[in-house]
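Below is one structure, written out as structure tokens; the observations come after it.
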Amino acid sequence: MNTSKIQKVVIAGGGTAGWMSAVALSKLLGKNLEITLVESDEINTVGVGEATIPPIRTFHKLLGINEQELMKATQATFKLGIDFENWGQKDDTYIHSFGMTGKECWAGEFHHFWLHGKQKGIASDFGDYCLELQAAKAGKFALSQQAPLNFAYHLDATLYAKYLRSLCEKSKSNPTGVNRIEGKILHVNKHSTSGNISALTLETGLIIEGDLFIDCTGFIGLLIEKALHTGYEDWSHWLPCDSAVAVQTKSVSPALPYTRSIAHDSGWQWRIPLQHRVGNGLVFCSRYISDNEAIDTLLSNIEGETINEPRVIKFKTGRRRKGWNKNCIALGLASGFIEPLESTSIHLIMTGIIRLMRLFPFNGITQTYIDEYNSKLTSELNSIRDFIVLHYKVTNREDSLFWQHCKNMEIPESLQHKINLFTETGRVFLDDGDIFRVDSWTQVMLGQGLMPEQFHQIAQVMSDNEFKQFLSSLKSSVDNAVEQLPNHQEFIDKYCPAN
């Protein structure tokens with residue numbers, strides 16, 4: 001193992017993963033490190049990861065990023081959740097929002113009280129008690145101290161990488177910043193004894209030496225896989241979609257404060273509203289639909305004039321067997337791919353960076369560092385995987401071969417336990433790596449028609465009149481708060497109009 005001091009960090013690849021790594025390491029640890037980022041102007045990034053989840057805001061605050069400046073530069077809009085259409089069954093719709101639903105107590109979350117109210121016929125829809133969900137449905141948003149909303153962003157991933165680059169690249173005004181070198185990597189050099197990566201050789205002949213390498217080279221995994229042969233854990237038996245087609249369209253209506261996820265016969269479609277355009281895509285399983293059929297399906301279900309030609313992307317869901325192998329850490333698509341159904345791609349880049357910085361081996365890499373990083377990563381990935389698989393498994397759709405497969409497929413034991421526990425008892429307990437709260441699990445399970453057989457008896461402590469008043473007060477509070485909010489598009493136009 002490399003026990004010498006870590007002084008030179010080399011980031012292979014740019015894009016979202018590369019520049020998120022660069023800006024975080026340079027701004028938070030940069031005084032002690034020499035950071036070099038290698039990227040080729042000739043290699044295009046995937047660049048379709050345009051939706052985020054709320055923890056990204058904490059990352060930005062850590063870096064001292066101004067929200068308005070960021071949103072203007074990336075043509076961003078606000079995101080309060082995801083609207084799922086046709087998932088439980090055709091023509092059904094529900095929103096998985098970022099908000100807390102109702103009020104919880106020490107013994108049980110609000111859904112136990114809601115189930116009791118539903119049994120008595122005095123509870124309205126589960127989502128009626130969530131501010132973020134109702135604001136999303138109403139197309140409203142504001143940054144309010146009185147009724148603060150939990151939110152994330154829709155942003156242009158290419159502009160996001162460009163913006164982050166501007167914050168940390170070495171220049172006359174920033175002489176201690178990240179040294180960006182343009183060029184293609186021709187060869188990954190390794191130490192003959194340890195097997196660690198020693199340097200990258202570019203097509204120009206330039207050799208870039210380093211102590212620690214971060215692989216942001218996308219699906220190919222040039223360092224983590226091609227050089228270190230880390231191996232890949234295939235999850236396609238749980239997540240059968242293996243392709244996506246993406247296209248951008250001109251906006252034809254005000255931007256909504258949520259992502260749309262529309263299930264089709266062989267996959268699902270995303271719509272992500274930015275200020276200047278809409279990102280569209282169809283994630284699909286090639287066993288049930290061809291690339292051309294997928295393109296036709298997407299183009300017949302979009303609004304507005306297309307800006308670019310549809311682009312097909314092939315992938316295999318799963319993960320590298322190690323996120324940190326020897327002196328290389330893989331981030332972004334190089335580390336694996338869980339399809340973008342719940343907008344976790346950028347989040348996983350962020351948590352990987354934070355985990356690396358907390359464990360940063362200034363005095364040399366040991367197996368203890370590597371094992372801890374990989375242990376936490378495994379827990380996080382497994383939990384996200386289970387949450388994504390949940391959407392496919394808990395469905396009443398049997399109208400196509402794809403949905404028949406999803407409904408009847410075997411799933412991870414950890415997820416089956418969660419489903420059984422909720423079905424039989426109404427309880428949801430989170431695992432160590434869960435990034436989604438109990439509210440998220442219940443919104444999806446209830447939204448797709450999974451109804452518990454019982455609920456916690458703590459919900460019965462109030463009299464019927466008290467309970468009715470309790471639910472009515474919660475709903476009125478949400479309704480009144482939503483009524484005070486401005487239209488989302490109007491707020492965008494005043495707060496952060498695009499540059």
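Centre-to-centre separation between the Cα atoms of segment 123-146 and those of segment 29-44: 42 Å.
Ranked by the mean number of other Cβ atoms within 10 Å per residue, highest first, peptides 78-86, 348-356 order as 78-86, 348-356.
By the count of other C-beta atoms within 10 Å, a proxy for reagent exposure, 368, 297, 16 are ordered fewest to most as 368, 297, 16. Can you pull the Kirkwood radius for segment 444-499, inverse mean 1/r over Cα pairs, to one decimal in Å? Hydrodynamic radius (Kirkwood, Cα only) of segment 444-499 equals 15.3 Å.
Peptides 264-274, 194-204 ranked from most to least packed, by the mean per-residue count of other Cβ atoms within 10 Å: 264-274, 194-204. By the count of neighbouring beta-carbon atoms within 10 Å, fewest first, 406, 285 end up ordered 285, 406. When only alpha carbons are used to place a centre, segment 410-469 and segment 153-232 end up 44 Å from one another.
Between 0 and 90 degrees, the angle of helix 367-393 with respect to the longest Cα principal axis of the chain falls at about 40 degrees. Between residue 194 and residue 437, full extension at 0.36 nm per residue minus the direct alpha carbon distance yields a gain of 83.3 nm.
What does the highest-first list of 134-140, 306-312 look like by mean Cβ count within 10 Å?
On the way: 134-140: 22.6, 306-312: 13.6.
Top to bottom by mean Cβ count within 10 Å: 134-140, 306-312.
Sorted from fewest to most neighbouring beta carbons within 10 Å, what does the list 8, 172, 61 look like? Could the numbers behind the result be given before it?
Working: 8 16, 172 5, 61 10.
Ascending number of Cβ neighbours within 10 Å: 172, 61, 8.
Shape call for segment 140-221 from the C-alpha gyration tensor, a ≥ b ≥ c root eigenvalues: rounded (a/c under 1.5), prolate (a/b greater than b/c) or oblate? Because a/c hits 1.5 or more and a/b exceeds b/c, segment 140-221 counts as prolate. The modelled label-to-label distance for the pair residue 144/residue 424, using points 7 Å beyond Cα in the direction of Cβ, is 4.3 nm.
Mean separation of Cα pairs under 8 Å and 6 or more residues apart, divided by the residue count, gives segment 280-424 a relative contact order of 17 percent. Reducing segment 311-341 and segment 239-283 to their Cα centroids gives an inter-centroid distance of 22 Å.
Taking the Cα atoms only, what angle lies between the long axis of helix 157-168 and the longest principal axis of the chain, rounded to 10 degrees? Between the helix axis and the principal axis of the chain, the angle is about 50 degrees. For segment 335-382, the Kirkwood hydrodynamic radius from C-alpha pairs, put into Stokes-Einstein at 10 °C and a viscosity of 1.306 mPa s, yields a diffusion coefficient of 135 µm² per second. Size descriptor for segment 243-314, Kirkwood hydrodynamic radius: 12.2 Å (Cα pairs only, one decimal). The angle between the Cα long axis of helix 110-120 and the main principal axis of the chain comes to about 30°, on a 0 to 90 degree scale.
Read-outs throughout are calculated quantities, based only on the coordinates presented, and are distinct from any laboratory measurement. Because the structure is predicted, anything quoted here is derived from the model rather than measured. No Cβ is skipped: glycine too gets one built from the backbone with ideal geometry, and neighbour counts run over all protein chains shown.
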